[in-house]
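Have a look at the structure below before the remarks.
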Amino acid sequence: MITAVLIDDDKHLRKGLKALLERYTNEIHIIGEAESVKTGVALLEKLQPQVIFLDIHLSDGTGFDILEQLGKTKGKNSAHIVFITAHEQYALKAFKFSALDFILKPVDPEELQHTISKIKEVIGKSPSFEHIDLLLENIRKKVDNFKRIALSTSDGIHLFEVADIIRCEAKVNYTEFFIKNHKPLLISKTLKEYEEMLTEHGFERIHQSHLINLSYLKSYIKSDGGYVIMADNTNIPIAQSKKERLQELIRTL
């Protein structure tokens, strides 16, 4: 049995989420509920659950305040965090760069089932909490152009400078990252998801299977159908529909 606490100031949402959890799994048990920062911190210190379903906006503060307070009193938070949020672009972006799970309001059953599967995967593994520190750092500084990214693999969560990512390659529903001075990493998210995150950081999708960091582009070769040579000496094909756009970008570099 996986123990969980639900912190949200909307009692109707708490009731609805509990009902959905009971419907889709018998392995996650809500052992406590709270509706504010104050009661949430007290509850977590008392119960120490394995999972926290945490709303961003509470009556006396935010879910981030709870994590800050727990960090001061207990050191590192030991629970798996699942944020509950509305469609707030800044928060969603921060969660994605920090590899943190979130559920959008109103709760979609299919999305919840996916989250439940993720929880089952991570519970019992050695926890890593640097990505939570990364989230709080970005939230505190109100950073919009995130410099670091957390990548979650089968063996843990790893933090990297975005500027060190050379390229990304699609592997069906996975993405393989090629990073400066590091072995390749396979991440269980699609290339499209990372394209949306990294485009504003100088990355360009030049092929259905390839997203490249233009800072590491060495050569553009027009022969043999067209391809680029990257700083790691790999040859990456260019889709016909992407050639004109890429040439325009190269002229501006």
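The values are calculated or read from the model by the stated rules, or taken from the named source; none is laboratory data. These figures come from a predicted structure and were not determined experimentally. A quick note on method: Cβ atoms are made from the backbone with ideal geometry, for glycine too, and the neighbour counts reach across all protein chains shown. Areas reflect the complete protein model, heavy atoms only, side chains present, ligands, DNA and RNA absent. Shrake-Rupley method; radii C 1.70, N 1.55, O 1.52, S 1.80 Å.
Test GLY16 against the stated conditions and say whether it is out of contact with any strand residue (DSSP E or B) (no Cβ under 9 Å at 6 or more places or on another chain), surrounded by fewer than 17 Cβ atoms within 10 Å (Cβ to Cβ) and closer than 18 Å to ILE132 by Cα. Quick ask: steps written out before the conclusion?
On the way: out of contact with any strand residue (DSSP E or B) (no Cβ under 9 Å at 6 or more places or on another chain): yes; surrounded by fewer than 17 Cβ atoms within 10 Å (Cβ to Cβ): yes; closer than 18 Å to ILE132 by Cα: no.
So GLY16 does not fit the description; no.
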- Would you be able to say whether some residue in segment 52-66 is over 30 Å from THR199 (Cβ atoms), of a type in the set (Phe, Trp, Tyr) and at pLDDT below 95? no
- segment 12-23 residues that are under 15 Å from ASP55 (Cβ atoms), paired with ones that are open to solvent by 100 Å² or more (accessible area, probe 1.4 Å) (beta carbon under 9 Å, 6 or more apart): LEU13/PRO106; GLY16/PRO106
- Note on the structure: When (1) among the hydrophobic types (A, V, I, L, M, F, W, C); (2) open to solvent by less than 10 Å² (accessible area, probe 1.4 Å); (3) over 22 Å from the mean Cα position of the chain (by Cα) are applied to ILE103, the one that fails is (3)
- The number of residues in segment 204-243 that are open to solvent by 30 Å² or more (accessible area, probe 1.4 Å), in contact with a Lys or Arg (Cβ under 8 Å, 6 or more places away or on another chain), under 15 Å from CYS168 (Cβ atoms) and not in a helix (DSSP H, G or I) is 5
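Mind listing just one residue for me: the one in segment 146-166 that is more than 15 Å from the chain's Cα centre (by Cα) and outside any strand (DSSP E or B) and, of those, farthest from GLU176 (Cα to Cα)?
The qualifying residue farthest from GLU176 (Cα to Cα) is ALA163.
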- What is the number of the single condition among (1) under 19 Å from THR62 (Cβ atoms); (2) under 13 Å from the mean Cα position of the chain (by Cα); (3) free of Cβ contacts under 8 Å to residues at least 60 places away in the same chain that PHE97 does not meet? (3)
- Note on the structure: LEU191 passes all but one of the listed conditions (1) free of Cβ contacts under 8 Å to residues at least 40 places away in the same chain; (2) open to solvent by 50 Å² or more (accessible area, probe 1.4 Å); (3) hydrophobic (A, V, I, L, M, F, W, C); the exception is number (2)
- Task: Please go through segment 53-69 and pick out each residue that is within 20 Å of ALA94 (Cα to Cα) and in contact with a helix residue (DSSP H, G or I) (Cβ under 7 Å, 6 or more places away or on another chain).
- Result: PHE53, LEU54, ASP55, ILE56, LEU58, GLY61, PHE64, ASP65, ILE66, LEU67, GLU68, GLN69
- Query: If you scan segment 1-36, which residues turn out to be more than 19 Å from THR85 (Cβ to Cβ), of a type outside the set (Val, Ile, Thr) and in a strand (DSSP E or B)?
  - Reply: HIS29, GLY32
- Message: Checking THR199 against (1) buried (at least 16 other Cβ atoms within 10 Å of the Cβ); (2) free of Cβ contacts under 8 Å to residues at least 12 places away in the same chain; (3) under 19 Å from SER98 (Cα atoms), only one condition comes out false. Which one?
- Response: (1)
